[in-house]
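Data block below; observations after.
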Amino acid sequence: MPGTDVAIVGGGIVGLATAYQLLDRFPGTQVVVLEKEREVALHQTGHNSGVLHTGIYYKPGSLRAINCRLGKLAMQEFCDREGIPYNLCGKVIVAVDASEQPQLQRIYERGQANGVRCELIDAARLKELEPHARGVQAIHVPEAGIIDYRQVCDRLAQRVQERGGTVLTQARVTSLFRRNVRMIIESTAGEVEARYVVTCAGLHSDRLTRLSGQTPIAQIVPFRGEYYELKPSVHHLCRGLIYPVPDPNFPFLGVHFTRMIHGGVECGPNAVLAFAREGYYRLSFNLFDFLESITYSGFLRLACKHWRAGLGEMWRSFSKRAFVTALQRLVPEIKSEDLVPAPAGVRAQALLPDGELVDDFLILENDLVVNVCNAPSPAATASLNIGRLVVDKLAQRLG
Ligand SMILES: Cc1cc2nc3c(=O)[nH]c(=O)nc-3n(C[C@H](O)[C@H](O)[C@H](O)COP(=O)(O)OP(=O)(O)OC[C@H]3O[C@@H](n4cnc5c(N)ncnc54)[C@H](O)[C@@H]3O)c2cc1C
């Protein structure tokens, strides 16, 4: 049974960034990343919008606000060093009518409190920045950007391996237990003994937390986010990132337009209950995952409270016309024939038993295990700083 200092479960961006930061701070440490898929970054990290978020939305002082700001800088520095392209194309958050202006103002004030460079602009300035967007007022966030997080992960994995770490794919962790003062990790690629374990399992984070012997305070409920892409003939309708004013009751940002780093413009995502933790298609179904979600008190309470918004999201999932109507609020010229379906993503939404959404990052630890229980958006942007945070937690033990 090979022994290692630290075993990291999950080869998404959070697990890989943690391995990278660990080897950066403690060169020579033995690190193994165990990933159940054939490649790294095949789940949330590889199916996201590819936005470098600025941290404008998040509660000042929250882990999301702090880690997003610091993580974005760290991500840009990493990409500058590594020659990975990103583009600070800027973003506008658009109030389409007067009823959205108070919420826009609140977001602006949060941005100021979080140290994000942003400006309230009028309809004329919006027209200059995004000639095809319509609104009465907007926030311009010039330093928001776009990036390819899969490319970032491939480079992180490469650097981890060059520094002596191991990235083991097709290694699904099936059990974690303590033997004396060590952890035993059983996986489909064999057994590993480690001094410490870190789990960064995204859509399975609650299950891994439980496997490690800790009790997660929230259950993961998967929400699929569906996208369309604009046909090349209408790419000119969006120059950068065009977002609506988000509903303050939801953690999701509403369907938006995202220019992509390799070209093209993506529209979406919506948010509908996925019938499997990795349910990327409408027909994806896993009986265990489905029953687990719909019998969970947190989900039932959320569904009762927000049934109207939930039905709206489902309607947008089945009706392209409804999806287009949501997009037309921001860019009236968009037509249904301008859109082609694009691959969906699935979000790991952590829900408390009372139906409250856990919106901040959440880490649970004991003497041998650090569980990253909740790493929602903007965790891709923030990943290098989340990694630093986890390494801080391991530092006293390793040192
Ligand atoms: C639709 C969508 C859009 C988003 N847009 C953005 C954005 O624009 N910008 C941004 O910053 N963030 C965005 N996010 C959020 C961001 O993508 C996630 O917060 C981030 O990718 C989380 O990374 P992770 O490593 O924790 O999870 P994941 O990427 O899901 O990785 C977890 C890994 O753990 C592995 N795993 C799970 N169980 C096991 C096991 N038992 N054994 C071994 N391996 C296991 C999985 O296979 C997976 O590879 C978006 C998310 C979604 C879903």
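Brief remarks on what is shown
- Hull-based mean projected area of segment 1-40, where the convex hull spans the alpha carbons, in square nanometres: 3.0
- Residues of segment 374-399 with amide N under 18 Å of a point placed 7 Å along Cα→Cβ from Arg25: 382-399
- The chain - charge dipole about Cα centre, Lys and Arg +1 at Cβ, Asp and Glu -1, debye rounded to 20: 200
- What the Cβ-Cβ distance of Ala309 and Gln170 gives, at R0 = 41 Å and to the nearest 0.05, is a FRET efficiency of 0.55.
- Comparing Leu168, Leu291, Leu352 in a Gaussian network model of the chain, where Cα atoms under 10 Å apart are tied by springs, the biggest mean-square fluctuation is seen for Leu291.
- Kirkwood Rh and Cα Rg combined as Rg/Rh, segment 92-243: 1.14
- Each principal axis of the Cα cloud of the chain was evaluated for its coordinate range; sorted largest first, these ranges are 65, 47, 37 Å.
- CD proxy at 222 nm, helix term only [per DSSP H run n ≥ 4: -39500 (n - 2.57); per residue of the chain; nearest 500]: -10500 deg cm²/dmol
- GNM top mover of Ser49, Ser377, Ser233 - the chain, alpha-carbon springs below 10 Å: Ser233
- Divide the volume of the convex hull around the Cα atoms of segment 130-204 by the residue count and you get 203 Å³ per residue.
- Only lysines eight or more places from Lys72 in sequence, or on another chain, were considered; those with a Cα closer than 24 Å are Lys59, Lys91, Lys393.
- Between the listed residues His236, Val181, Val265, the Cα displaced farthest toward the positive end of the dipole of segment 181-272, a dipole computed from Cβ unit charges relative to the Cα centre, is found at His236.
- Of the GluC sites (Glu not before Pro) found in segment 311-399, those that fall in a DSSP loop while having at most 15 other beta-carbon atoms within 10 Å are Glu333, Glu356.
- Among Ala303, Ala350, Ala194, the largest mean-square fluctuation in a Gaussian network model of the chain, built with springs joining Cα atoms closer than 10 Å, belongs to Ala303.
- Under the Debye formula (equal points on every Cα, no solvent term), log10 I(q)/I(0) of segment 258-387 at q = 0.14, 0.17, 0.20 Å⁻¹: -0.84, -1.15, -1.36
- Excluding exposed DSSP-loop trypsin sites (Lys or Arg not before Pro) (at most 15 other C-beta within 10 Å), longest clean stretch of the chain: 173-281
- Cβ charges +1 (Lys, Arg) and -1 (Asp, Glu), total dipole of segment 227-298, debye: 300
- Two-site FRET efficiency, Ser233 against Asn366, from Cβ-Cβ distance with R₀ of 41 Å, rounded to 0.05: 0.15
- Relative contact order (percent, whole number), the chain, Cα cutoff 8 Å, 6+ residue spacing: 24
- The equivalent ellipsoid of segment 284-353 has semi-axes of 29, 15, 10 Å, largest first, where each one is the square root of 5 times an eigenvalue of the Cα gyration tensor.
- Spread over its residues, the convex hull of the C-alpha atoms of segment 1-84 is 135 Å³ per residue.
- All other residues whose Cβ lies under 13 angstrom from that of Phe318 are scored, Lys and Arg at +1 and Asp and Glu at -1, for a net of +3.
- D by Stokes-Einstein for segment 215-335, Kirkwood Rh over Cα pairs, 20 °C, 1.002 mPa s: 136 µm²/s.
- Summary of the geometry: segment 1-64 and segment 172-235, compared by the centres of their Cα atoms, lie 11 Å apart.
- A Förster radius of 45 Å, combined with the Cβ-Cβ distance separating Phe177 from Lys127, puts the computed FRET efficiency at roughly 0.15.
- With both residues required to sit in the chain, DSSP beta bridges show an antiparallel share near 70%.
Coordinate-derived values only; no laboratory data. Predicted model, so just to flag it, every value in this text is computed and none were measured. Note that we place each Cβ from the backbone using ideal geometry, even for glycine, and neighbour counts take in every protein chain shown.
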